[in-house]
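For reference, the structure discussed in these notes is given below.
Nothing in this text is a laboratory measurement; each read-out follows from the coordinates by a stated rule. No experiment lies behind these values; they were computed from the predicted model shown. Virtual Cβ from ideal backbone geometry, glycine too; neighbours counted across all protein chains shown.
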Amino acid sequence: VRAKELDNLRNELLRRRRTILETADRAQLELDALRGAERDPEFEEGAQNEHEQYTLALLGEAQRKQVAMIDAALARIEQGEYGICVDCGTEIDPKRLQALPFALLCTDCATRRERGTVAELQGPTI
């Protein structure tokens, strides 16, 4: 993955992460307003990291998983391992990364795992 593409993908990952957290934050604000609850002033003065941890706690399971996948992709970018399939070690197609920037697997390995999972769920055939 070229440097410019990597920057674009990093920005897309950060945008998606921000969107998830902002959506969860807005939902919580609406819920608090409905309950008539007052916000804790110490929370308002807390550090950004504490705020993110609070917001992550409010996320649904699917949102938490997506944020974790995004964080892992950002870490792989920093380590120079981004865009490499964790199963076979080949480069993940840039088009796949554009569609799914936190992809861990190339298309072939993802398909192979999917088929394996389906086969496990279905059990042996006669």
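Taking R0 as 22 Å, what's the FRET efficiency between Asn11 and Arg64 from their Cβ-Cβ distance, rounded to 0.05?
0.50
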A chain fully extended from Ala3 to Gln98 at 0.36 nm per residue, minus the present Cα-Cα distance, gains in nm 32.8 nm
Projected label distance in nm at Asp71 and Arg115, using a 7 Å step from Cα toward the beta-carbon
3.5 nm
